[in-house]
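A short write-up of the structure that comes next.
The values are calculated or read from the model by the stated rules, or taken from the named source; none is laboratory data. These numbers were taken from a predicted model, which means no experiment stands behind them. Quick reminder, even Gly has a Cβ in these numbers, built from the backbone with ideal geometry, and neighbours come from all protein chains shown.
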Amino acid sequence: MDNTVVRRRWILTGIVQGVGFRPHVARVASRFGAGLTGFCGNDSLSVFIEAQGELSVLRAFIAAVVGEAPPLSYVMRCQETTIDVVDSENEFRIVASRGGVGARTLIPPDVSLCAACLADIRDPGNRRYGYAFTTCTNCGPRLSIIEDLPYDRPQTTMRDFPLCAACAAEYRDPGDRRFHAQPISCYDCGPHLWLVAASELPTGLADPFSSQDLGVDLVDGSRGGRSPAEQDAVLDAAAADLRSGKIVAVKGLGGFHLLVDATNETAVSRLRRRKHRDGKPLAVMVADFAAARALVDIDTPENPIAQLLLSPAHPIVLAVRNGAAIAPSVAPGLDNLGVMLAYTPLHLLLLERVGRPVVATSGNLSSEPLCYTNADALRRLGSIADTFLLHNRGIAVPVEDSVIMAAPLTLPSSPSLKTAFLPVRRSRGYVPLPFPLPEKPSRDPASQPCISVNQVNPVILGVGGELKNTFTLVRDGLAFTSAHLGDMGSLASQLAYEKAIGQLTKIHREHPTIVIRDLHPNYATTAWAERYVASARDSGRTLRLLALQHHRAHALSLLAETRVPRAIVIAVDGTGYGDDAKIWGSEVFLVDTSRVAAQGEAGVPRLAHLPYFPLPGADLAVREPWRQAVALLRSLGLSATGLPLESRWCSSLGQTVLSQVDSGSSPWSCALGRYFDAVAALLGLCEISSHEAAAPVAVQTAARRWQAENPLAAAQIVHSYLFQLGSALSDGPVVAQWTASPPPQTGVSCEAAASQSGIGTVPPAARELPMAGIITELVAGIKAGICPGELAFRFHVVVAKLFATTTCALAAEYECAAAGITGGSALNSLLTELIGAAVKEHGLTWLTHQRIPANDGGLSLGQAFYGWLVTM
């Protein structure tokens, strides 16, 4: 046996900070007693370990360090180096953190309350009994409190709370689960709560940029006491306000919520009115799983939906509601309800006192960014909230709640699965975990790269779109997508966006080399990207600015997530600026990452789309779907006689709309979302939209309800049409032949362009898919008296058939083994399931988003992946 003492250095990268990794290393080292000495610590890149002992001991040590890593950690790489033995070393210790030139460690997401901390706040004998900020190495704030790396208390917003003797002892004890846990605190040394009534605020605070003094005691927590009894009294008062119907603004983990009693219709309606949120569904927060089960269709904790609710992320889950008593205006007209469990001690202690579910919506006015500082909330929410429940733990990075749809699977093609989970918003609990990008495709050494930069690992920034914005930073093959930032329509949102990008680049200590924006010339993110690049160039930095068409970015986001190099991708949504300056949103692409790497956007040719039709009034038509229905009928030579919107058609306003259509001056759209808008109005389901996607959701809801009430008839329609030839809307035929769109009006033929670009073969001009027969039959069905729900279901089936047939034919033509769907309309779970069933029936691999949203929340990942592919 070799008793020679040797020394090794290990560098561990991944999610290794903020998750108790150094304490874990020290505990593992303690198992070997005097047989192992050394140290471990953090720097801005990694956790570093040096240890010496017999070789067999070191091997057992590092195997345990990696193999038994803390539950919230993820070791991506462990590099080992042999170094010289150190004399006179007699212990293993945690050393002070070191700085670094660049930050490559992965910041962990915020995590919901763990079982051990829950036991602490429930135990009357524990010194943290009822303490609203109880946390440990396994739970609590992470991303939301980190200001810089390495992750140590002085680099977080907890630096303002020096540890008391009892907490410091836990922090130093290797056997304690709070060993080196940075956010820990207690009643004696940590943050505390206080209440502010809206009536105490000065008048005229609606302007968020106002410099009017709020009063220190309102903002910084100098009022009120921190004893357990005093803190209990604060929570009791807040709960009493909620039970009485008041709106309470609560500062949580990553920002403010607006809470109101979810069973009180008057209170919920008041919240909607004050927040300017008409119609859009609201989420509900409950104290525990039993309360969630009373609201949505879950049976046991083993149910996949329950598992998602109970996961460390604790997202909002959109699930089928079960008829429990909730105020009608929480989710008007919908069969789904968004539910989340209380995920912090503060929320749990408050909800248990309230004793009923509460609406928990983002603390902002609609279309504005989330409030996350006390001063900002008091200024901007003073006209909404009656009471403010505040605390003095700072939030460095605002983080919205994540949203995941639990969509029921109803087709016999999915017998083993009952639910599909579709990300709607990726934020708290998941951000900032990165996506490892696929390896770059091999490149012909003789070919020229699309973009050549003088940097080994260029930093790439995808700036996202105008709605549901996120941005994505790529470095070292990892894509870091931001938390949900929302819509970019207000100045406040744009300032929050710029600040968020600044925070991320500060942490990573590098600035982008390549910036990718949307093709739309008028997006706020386009303007920001142009200003950012111009400013960088003025300061001597070299940046490249690229533009990528909206739906190609969607398609590339799907391939970035699934790591499939080549597929036919359906990109469907409600809007997106096209190459022809028209509105796209029904595209079928061939996506080939090798071609993208060699030729840029030419690697994502548009092969097919729905026909264009006019949108009279532009954005007004989107808000009033009846205008789209009138325009669609007119463009097909049909009238509204005998239809629900006949009176609209005949009105003076309707005649004005018809004149706009006839003049040819309206914008043109082929977006699937706009077709669903028009169908909603034709069926009498939604003529005026109260919020984004209200009309398409109304069509899907009607279809789902009819399917549930008529399962045998629905199954027969699917069987006879989706998997066979025939019509889904009537007994008549549906024309399924492609009609070629006119080729692009350029001076260069496709063949010449192919020759010049070196692609080899270029697909023909995009094919226009037939919709005239489908809409004509739908109108006939309405006049024949078929119920709207049945027609809505049949419309889903026939559209699914159209896209599935097209996709399978193109997959055969271009020799693709995979196909997928992306874009906001992919969140129509019925449509996605129908298309996927038909595509899989033809032997293709079916790709859908599992980790990032199909909507514009995933757009920036596709942009950044494009930059990653084209850069050499």
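A few remarks follow.
- Scanning segment 224-241 for residues that are among the hydrophobic types (A, V, I, L, M, F, W, C) and within 20 Å of Val286 (Cα to Cα), we see that the one that is surrounded by the most Cβ atoms within 10 Å (Cβ to Cβ) is Ala238.
Here's the yes/no breakdown for (1) outside any helix (DSSP H, G or I); (2) hydroxyl-bearing (Ser, Thr, Tyr); (3) surrounded by fewer than 16 Cβ atoms within 10 Å (Cβ to Cβ):
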position	(1), (2), (3)
Gly41	yes, no, no
Ile49	yes, no, no
Ser56	no, yes, yes
Val66	no, no, yes
Thr81	yes, yes, yes
Ile107	yes, no, no
Gly125	yes, no, yes
Arg128	yes, no, no
Thr134	yes, yes, no
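- Positions within segment 811-826 being surrounded by fewer than 24 Cβ atoms within 10 Å (Cβ to Cβ) and either in a helix (DSSP H, G or I) or among the small types (Gly, Ala, Ser) (or both), in sequence order: Ala811, Ala812, Glu813, Ala817, Ala818
Residues are listed down the side, and each one gets a yes or a no for (1) under 23 Å from Asn828 (Cα atoms); (2) hydrophobic (A, V, I, L, M, F, W, C); (3) at pLDDT below 95:
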{"residue": "Ala567", "(1), (2), (3)": "yes, yes, no"}
{"residue": "Asp573", "(1), (2), (3)": "yes, no, no"}
{"residue": "Tyr577", "(1), (2), (3)": "yes, no, no"}
{"residue": "Gly585", "(1), (2), (3)": "yes, no, no"}
{"residue": "Phe589", "(1), (2), (3)": "yes, yes, no"}
{"residue": "Asp592", "(1), (2), (3)": "no, no, no"}
{"residue": "Arg595", "(1), (2), (3)": "no, no, yes"}
{"residue": "Ala598", "(1), (2), (3)": "no, yes, yes"}
{"residue": "Gly603", "(1), (2), (3)": "no, no, yes"}
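- In segment 461-482, of all residues being out of contact with any Phe, Trp or Tyr (no Cβ under 9 Å at 6 or more places or on another chain) and more than 16 Å from Gln549 (Cα to Cα), the one that is modelled with the lowest pLDDT corresponds to Asp476.
- Selection status of Val330, among the β-branched types (Val, Ile, Thr), outside any loop (DSSP other than H, G, I, E, B) and buried (at least 22 other Cβ atoms within 10 Å of the Cβ): no
- Look at (1) β-branched (Val, Ile, Thr); (2) outside any loop (DSSP other than H, G, I, E, B); (3) more than 30 Å from Ser329 (Cα to Cα) and you find that Thr641 fails only one, number (2).
- Among the residues of segment 141-193, those identified as surrounded by 17 or more Cβ atoms within 10 Å (Cβ to Cβ), in contact (Cβ under 8 Å) with a residue 60 or more places away in the chain and of a type in the set (Gly, Ala, Ser) are Ser144, Ala181, Gly190.
Here is a yes/no grid of residues against (1) modelled with pLDDT under 95; (2) closer than 20 Å to Asp580 by Cβ:
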| position | (1), (2) |
| --- | --- |
| Leu615 | no, yes |
| Asp619 | yes, yes |
| Pro625 | no, no |
| Ala629 | no, no |
| Gly664 | yes, yes |
| Gly673 | no, yes |
| Ala678 | no, no |
| Leu685 | no, no |
| Glu692 | yes, no |
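- Scanning segment 376-403 for residues that are of a type outside the set (Val, Ile, Thr) and part of a strand (DSSP E or B) yields Phe388, Leu389, Leu390, His391.
- Any hit, segment 63-70, residues being within 37 Å of the chain's Cα centre (by Cα) and charged (D, E, K, R): yes
- In segment 380-392, the residues that are not assigned by TED's automatic domain parsing to the domain that holds Ser493 and at pLDDT 95 or above reach residues that are hydrophobic (A, V, I, L, M, F, W, C) and assigned to a helix (DSSP H, G or I) with C-beta atoms within less than 6 angstrom, at least six apart or across chains, in these pairs: Ala385/Ala198; Asp386/Ala198; Leu389/Ala238.
- For beta carbons closer than 8 Å, sequence separation of 6+ or different chains, a first residue in segment 234-248 that is in contact (Cβ under 8 Å) with a residue 12 or more places away in the chain and a second that is aromatic (Phe, Trp, Tyr) and buried (at least 16 other Cβ atoms within 10 Å of the Cβ), the qualifying pairs are Val234/Trp194; Val248/Phe388.
- Filtered residues of segment 610-653 (kept if of a type in the set (Gly, Ala, Ser) and in contact with an Asp or Glu (Cβ under 9 Å, 6 or more places away or on another chain)): Gly617, Ala621, Ala629, Ser639, Ala640
- The residue of segment 109-123 that is surrounded by the fewest Cβ atoms within 10 Å (Cβ to Cβ), among those that are hydrophobic (A, V, I, L, M, F, W, C) and in a loop (DSSP other than H, G, I, E, B), is Cys114.
- Screening the candidates Gly574, Gly585, Gly578 for the property of being within 27 Å of the chain's Cα centre (by Cα) and more than 27 Å from Gly654 (Cα to Cα) yields one hit, Gly578.
- Qualifying residue in segment 562-585 (condition: among the acidic types (Asp, Glu) and either outside any loop (DSSP other than H, G, I, E, B) or not assigned by TED's automatic domain parsing to the domain that holds Thr472 (or both)): no
- Val47 meets the stated requirement of being among the aliphatic types (A, V, I, L, M) and free of Cβ contacts under 8 Å to residues at least 60 places away in the same chain.
- When Ala780 is tested against (1) hydrophobic (A, V, I, L, M, F, W, C); (2) touching a Ser or Thr at 6+ places or on another chain (Cβ under 7 Å); (3) touching a residue at least 60 places away in the same chain (Cβ under 8 Å), just one condition goes unmet, and that condition is (3).
- Test: residue in segment 530-542 that is farther than 28 Å from Asp619 by Cβ, assigned to a loop (DSSP other than H, G, I, E, B) and touching a residue at least 12 places away in the same chain (Cβ under 8 Å): yes
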